[in-house]
Each structure stands twice: as C-alpha cells, then as structure tokens.
Amino acid sequence: MRKPKLIISKCLNSEKCRYNGQAYDDKVISLLRKYVDLETVCPETEIGLKVPRNPIRIEKYDNKYKLVEPSDNIDYTSQMMEFAEEFLSNIDDVDGFILKSKSPSCGIRDVKVYPKNQKCSINKKGQGIFSSKIIEKYSTIPIEDEGRLKNYNIRDEFLTKIFTINNLKCENSIWDFHNKNSLLLKSYNEDIYNDLNIIV
Ligand code: SF4
C-alpha cells in the first residue's frame, strides 16, 4: 500500500544541519514517520554552507528579496534559486511539504525581512527563497511549517489533505474514490460534492 510522500526540511528530522549545529526534534514528524514516506532536504548545506555557519537572512532592496550573510556581505540568492529549480525539477511525485518556520531559506510565511545593512527587521514578514519556489510550483499541494502544525485544526486539515490525495492515487477508479470518501467530501462542500457526483 502506498504511503503519502512528504518532503520536509532536514533539520526537522533531528539532523544537525542548522546554522548553530543544534538538532531540532519535531514531535509531529516523529509521530508521522510510521505512516508516511519522508524525504529530507537542507537547501543551505546543499549550496555548500557549513555547519556551524554565520546566520543568513532575507534582505529587501530595490523591490527584490535577497538571501544574504550580513557579516561577510555575501549574497546567496542566485545559488539558492538555482538549487531550488534543480531540486524541484527532479521530484516526480509528492503529496505535501513540511518546512521549517522562520528560516530565510525554508520559511513559508513568517520570515523576518531586513532592509540592507540594518539591524532591525521591517514589519512585513515574507517567505524563504527556497520555499518561495516550492509555493510557486506546487500551488495545489499542502505546504505547512512545523510551527503552524502545532495548531490542532491546521494539523487536522493538513493530514486530511495528504491522506486523501494518497487515497486518490491508490484507488483503481475515480468512482471508488468518490464513493469511499463521500462523507468527507460532503463535509467540506455539499454543493461541490453534488456537482462531482454528476460528473463521476
Ligand atoms: S531550515 Fe532549511 S536550510 Fe535551515 S537548517 Fe533547516 S533544512 Fe537547512
């Protein structure tokens, strides 16, 4: 039986790839391990950054977002974009992503954005450079971060989506999927369920 396939930030899998070399043991990932297939990726080490390393951050200037190491004024934006494009072009099947919150590479919505050469971030928060490419390419696939998955409702919705997508891939026919998931589909939207009923 196929399991849902998730791509996750490597540091959420207790691997010591963070800038400070510390491991992060995420409870949801630990619990999920038995029920899903996990593939991990650390975009920062993939582009050659060492562990430990100087912190990097998102800077905004000239209306562009850049991935910068402020201590040595190194711009990693192009390298990260190239890695993201290559990595995503090699994925043939995925049902969801769990990415590290607040990271300038992996964060999906709460990443601090700094003006160039300033110590204080601006009020607006943004996305990491790697995750923005995932969001751009996979608009119909569930993408969450470990921080948001601590919320019961968000977690419930995320898990429902990935296991339902997986069920769809496992069924022999759309008719079987529709029948077996009728209560779930109805609970989300009865009008759309009725439209689907006619189509199926
Ligand atoms: S947040 Fe992303 S880039 Fe940073 S250590 Fe974790 S996997 Fe690597």
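Where a number appears in this text, it was derived from the coordinates with a stated rule and is not lab data. Nothing here was measured: the structure is a model prediction, and the numbers come from that model. A quick note on method: Cβ atoms are made from the backbone with ideal geometry, for glycine too, and the neighbour counts reach across all protein chains shown.
What per residue convex hull volume, in Å³, comes out for the chain when only alpha-carbon positions are used?
Output value, Cα hull per residue: 148 Å³.
Would you please give the FRET efficiency between Phe87 and Tyr188, computed as 1/(1 + (r/R0)^6) with r the Cβ-Cβ distance and R0 = 35 Å, to the nearest 0.05? Could the numbers behind the result be given before it?
On the way: r = 32 Å, r/R0 = 0.91.
The computed FRET efficiency comes out at 0.65.
Between their Cα atoms, which of Lys5/Lys186; Lys66/Lys137; Lys133/Lys186 are more than 31 Å away from each other? Let's see the in-between values first.
Numbers: Lys5/Lys186 25 Å; Lys66/Lys137 19 Å; Lys133/Lys186 33 Å.
Too far apart for the 31 Å limit: Lys133/Lys186.
As I understand it, the value is the acute angle between the Cα axis of helix 77-89 and the longest principal axis of the Cα atoms of the chain; what does it come to in degrees, rounded to 10?
Rounded to the nearest ten degrees, it is 20.
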